[in-house]
Amino acid sequence: VVWCMYLPGTAHSSTLRVSLLFLLAATCSSSAGFAHPAFQLASRPLPRASHSARSLRPSLAGVQTAGMILDKLAVLRTATIVLASASPRRKEILNDILGMSVKVVASTFEENLDKSLFTPAEYVQENARLKALEVFERMTRDGEHVDLVIGGDTVVAHKGQILEKPRDEAHAKEMLASLSGATHTVYSGVSLVFANGGAAPSEVRCFAEETSVTFAPLSEELIAAYVASGEPMDKAGAYGIQASGGVFVSGINGCFYNVMGFPMHRFSRELSESIEQGAMPSLRVSAQL
């Protein structure tokens, strides 16, 4: 099927593509109706953190599909949505890539939780929740209107340790050396604090996403050159997959944007589901159109 869809553009290419697709469909459906594994759509729910809400609803003739927010962007842009993070990468994902219109209000939460009390997934969720609540409470106290506050946090977990941003260049080199030639896990937590005009949140929804990342072996010279560039100093695990640090990555299993700092697919799914369940009543009717 993939080969058919990428046939070179010729005068008869469209007809040829359609003919080949119909022929392949007829062949595969001749016995048990698209019984070939390539034509079987499996519903595989993503791992969900303990804070997550209900599972997705089935649609499209029995095929379970994740709700997205692309069909709701027009109405979401009319709401006051705040990102409780100064991360330029989260803002880029939300506004430039996803097409939202969020306002940035950096949280003043100190991020001083005791890591030993949490799993990595719990840790990023709690950080994200407290960041978002701090901004929500501050804006509400100042009389500012807000419909939704989004909090986020990302860490790298490796060999039983939670790695955040490096303290200094020596710490960055130490982190990168530990990740060299090994597979680590990136966890991003997101918190959605819905307001609906009240002094207290009407709903708080938290979830975490994880992605496995494998590094190629790194020499001391390579690590030193990368650290000297200054790029790793504001990034969890001391590297940025979306920038030159991406050259270290030999493999990834999971969401790329999660490693970048914000799980775009999971966020879109969770927000869409929240809207459909009435978390933002003023948007509910329009969002269903």
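Distance between the modelled labels on Thr78 and Ile97, one decimal in nanometres: 2.8 nm (7 Å Cα→Cβ projection). For region 138-289, the C-alpha radius of gyration divided by 2.2 N^0.38 Å, with N the number of residues, is 1.28. Remark on Met100: its backbone amide H falls under 5 Å from those of Asn95, a criterion applied only to residues 5 or more positions apart or on other chains, H modelled at 1.01 Å from N.
I'd like the FRET efficiency for Val249 and Glu111, computed as 1/(1 + (r/R0)^6) with the beta carbon distance as r and R0 of 30 Å, rounded to 0.05. It comes out at approximately 0.70. Size of region 183-252: Rg and Dmax of its alpha carbons, in Å, are 17.7, 55.
Packing, taken as the mean count of other beta carbons within 10 Å per residue, orders the peptides 93-99, 201-207, 127-133 from highest to lowest as 127-133, 201-207, 93-99.
Taking amide hydrogens as placed 1.01 Å from N in the peptide plane, the amide H of Leu163 sits under 5 Å from those of Val156, Ala157, His158, each at least 5 positions away in sequence or on another chain.
The aspartates and glutamates within cross-link reach of Lys173, meaning a Cα-to-Cα straight distance under 19 Å and a gap of 8 or more places when in the same chain, are Glu164, Glu220, Glu221, Glu231, Asp234. Over region 171-289, what is the relative contact order in percent, taking alpha-carbon pairs closer than 8 angstrom and at least six residues apart? After rounding, I find 27 percent. Across region 142-149, coupling constants 3J(HN,Hα) worked out from phi with the 6.51/-1.76/1.60 Karplus curve, θ = phi - 60°, read 7, x, 8, 7, 8, 9, 8, 10 Hz, and Gly and Pro carry x.
Every read-out reported here was derived from the displayed coordinates using simple, explicitly stated rules and does not represent laboratory data. Computed from a predicted structure; not experimentally measured. Positions of Cβ are generated from backbone atoms using ideal geometry, with glycine treated the same way; all protein chains shown enter the neighbour counts.
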